[in-house]
Amino acid sequence: MSTGKEFVRRRRDLMGLIGANGIAVLAAAPERVRSRDTLFMYRPDSDFFYLTGFPEPEAVAVLVPGRSQGEFLMFCRERNPERELWDGPRAGPEGAVATYGADDAFPITDLDDILPGLLERSDRVYYSLSAHEFDQRLLAFIQTLNSKRQSSHAPSELVALDHLLHEMRLFKSRAESSAMRRSAQVAVAAHRRAMQTVRPGMYEYELEAEFLHEFRRHGAECSYPPIVAAGANACVLHYRANDAELKDGELVLIDAGCELQMYASDVTRTFPVNGRFSKPQRELYEVVLAANRAATEAAKAGNHWNEPHDAAVAEVTRGLKDLGLLKGRVHHLIKSQRYRQFFMHRTGHWLGLDVHDAGDYMQKGKWRKLKPGMVLTVEPGTYIRPADNVPRAFWNIGVRIEDDVLVTAKGREVLTAACPKRVEDVEETVLSR
C-alpha cells in the first residue's frame, strides 16, 4: 500500500513529536501457536507496520531523533539459508536497510548489547506496553541503567507511545484512503457474490466460503471471522457458528470484511434467502435503512463523533414506535433508552489498519469532532427476540446495515456505496442468481 516515502514521512512526523533526547522503541508481534507445532498465519503488529512496513517477526524498531549516525534503526533476524528453505526468505539486516529504509540495522541477537546504549543517551523512552514478552525485556534494560546511575545516564520518563502514534493513525493519508477504497471494493464484490449465490437449503458456511473465495482471489484475507447468521441467529450480535441451514422465508445477516495490504473493510448486509422480503421483514429493514442513511448524513466534518449514533437512535426509535414495537413519546423513549431492547450497540467505530482502529473517541471528556481523513463505520441494527411485548410476526428478525465512510472536506465518501442496500436493489440482486 504505502510507498517508502510515506513510511519516511510517518517516522519523521513521529520523531518531531518525540523531540530531542527522546527515543521510541517498537517490537514486532510474536508468532502465535495454533496447535502443537503449527502457527497461525503471521500478521505484523499494526503500530510496528505503520512506521516500518516490515513484515517479519522477531524484530525491533528504534527511532532516535537527531542521532548523527542515523535516526531509524532496525534489529531483525539474520539471513539463514536452512530456515529460509523451510519458512521462506528473510530480509536480514541488509534488506532492512535496502528495502525498508533503515539507516542502520543489526541482528536481533545484538539487541542486548546495543539497545541499552541507545537508551542511556535518552531522557524519555516512548513505548506501548502490549503484554508482549518484550515489555519485560525493555523494562529490565531501563532498570539496569537506573541501578547504575552513578556511572551512567538513565531515562527519567517512560511515555506511552500509542498516545502519539494512534492520533497519527486516526487521520488517513491519500495512500491509505486509496488502500481502504480497494479493500472496500473487494468486500462489496464478496457481498454481491453471496447475494447472487444464496438459496434455501444452503448452509451458512457455504455462504462463508463465497467470501473466502472472493477475498483470496484478490489477495485479501478476512479482517475478522465472518458472521453469517440466518433467521434467529441474526439476533446474536457476535454469532460465530455459521453452521445452520438457510431456510425459505428467512433473512440472512452477513457481517464480513477483508484485509487488503493490511487495511480493513467492515461491511454488513441483510437479505432474504428466497429473494423477497416479507412484510414484517421489509418494515424492520426500512427502519434500519433509514437509520443508516441518517447516520451517514451526520458523518461529516464539524459534527462530533456521537452525532451519527444519535441520528441512528432517533430513526430506529421513531420507526419502532410506528411499528408498535415501542410505545410512548419518541423523546421519552430515547431518554429512557427503551430502544435498547432492540438496538443495543453503538453505531460505528474507527476503521483502518485494525477493524476497530486506533484513535480516541473523546477529548477532555467530550466527543471529538470529525475531521477529514477519519474513516468510520456506520452500522445501525435492530434485533427482535421473542418477548411478551413483541408481536409474533416480528420474532427472530435481525437486521444490520453497515457501511464504511471516509470523512472528507466536502462531506463524506461512502467507500461501500456500491453494495446493494435499497430493498429493490437487494431483491433484484438476490433474484439475479
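For region 63-92, name all the residues that are touching a strand residue (DSSP E or B) at 6+ places or on another chain (Cβ under 7 Å) and either among the charged types (D, E, K, R) or buried (at least 21 other Cβ atoms within 10 Å of the Cβ) (or both).
Within region 63-92, 63, 64, 71, 72, 73, 74, 75, 76, 78, 91 meet the criteria.
Go through 46, 68, 152 for me and flag whichever is at pLDDT 95 or above and out of contact with any His (no Cβ under 7 Å at 6 or more places or on another chain).
Of 46, 68, 152, the one residue that is at pLDDT 95 or above and out of contact with any His (no Cβ under 7 Å at 6 or more places or on another chain) is 46.
Could you look through region 42-52, keep only residues that are in a loop (DSSP other than H, G, I, E, B) and not charged (D, E, K, R), and pick out the one that is most open to solvent (accessible area, probe 1.4 Å)?
42
Is at least one residue of region 20-41 at pLDDT 95 or above, open to solvent by less than 40 Å² (accessible area, probe 1.4 Å) and part of a helix (DSSP H, G or I)?
No, that holds for no residue.
Among the residues of region 53-77, which ones are hydrophobic (A, V, I, L, M, F, W, C), in a loop (DSSP other than H, G, I, E, B) and in contact with a Leu (Cβ under 8 Å, 6 or more places away or on another chain)?
Scanning region 53-77 gives a single hit, 64.
For residue 133, only one of the following conditions fails: (1) open to solvent by 50 Å² or more (accessible area, probe 1.4 Å); (2) free of Cβ contacts under 8 Å to residues at least 12 places away in the same chain; (3) not polar (S, T, N, Q). What is its number?
Tallying (1) open to solvent by 50 Å² or more (accessible area, probe 1.4 Å); (2) free of Cβ contacts under 8 Å to residues at least 12 places away in the same chain; (3) not polar (S, T, N, Q), residue 133 fails exactly one: (2).
Keeping to region 278-302, report how many residues are open to solvent by 30 Å² or more (accessible area, probe 1.4 Å) and either part of a loop (DSSP other than H, G, I, E, B) or over 19 Å from residue 426 (Cβ atoms) (or both).
Total satisfying the criteria: 5.
Restricting region 360-386 to residues that are small (Gly, Ala, Ser) and open to solvent by less than 30 Å² (accessible area, probe 1.4 Å), which is farthest from the chain's Cα centre (by Cα)?
The qualifying residue farthest from the chain's Cα centre (by Cα) is 381.
When you scan region 325-353, how many residues do you find that are touching a strand residue (DSSP E or B) at 6+ places or on another chain (Cβ under 8 Å) and either closer than 30 Å to residue 384 by Cα or among the hydrophobic types (A, V, I, L, M, F, W, C) (or both)?
Going through region 325-353 one residue at a time, the tally reaches 11.
Suppose we keep only residues that are under 30 Å from the mean Cα position of the chain (by Cα) and aliphatic (A, V, I, L, M) within region 330-352. Which one would you say is least open to solvent (accessible area, probe 1.4 Å)?
Ranking the qualifying residues of region 330-352, first place goes to 351.
Taking the condition out of contact with any Leu (no Cβ under 7 Å at 6 or more places or on another chain), outside any helix (DSSP H, G or I) and open to solvent by 20 Å² or more (accessible area, probe 1.4 Å), does residue 327 pass?
yes
If you check residue 378 against the conditions, is it closer than 18 Å to residue 298 by Cα and not small (Gly, Ala, Ser)?
So residue 378 fits the description; yes.
Does residue 183 satisfy the condition of being of a type in the set (S, T, N, Q), open to solvent by less than 60 Å² (accessible area, probe 1.4 Å) and assigned to a helix (DSSP H, G or I)?
The answer is yes for residue 183.
Which residues, taken from region 383-411, are more than 20 Å from residue 231 (Cα to Cα) and among the aliphatic types (A, V, I, L, M)?
Matches in region 383-411: 405, 406, 407, 409.
So which residues in region 47-63 are closer than 22 Å to residue 87 by Cα and either of a type in the set (Ser, Thr, Tyr) or in contact (Cβ under 8 Å) with a residue 24 or more places away in the chain (or both)?
49, 52, 53, 54, 56, 57, 58, 59, 60
The values are calculated or read from the model by the stated rules, or taken from the named source; none is laboratory data. Predicted model, so just to flag it, every value in this text is computed and none were measured. No Cβ is skipped: glycine too gets one built from the backbone with ideal geometry, and neighbour counts run over all protein chains shown. Ligands, DNA and RNA are excluded from the accessible area calculation, which covers all protein heavy atoms including side chains. Shrake-Rupley method; radii C 1.70, N 1.55, O 1.52, S 1.80 Å.
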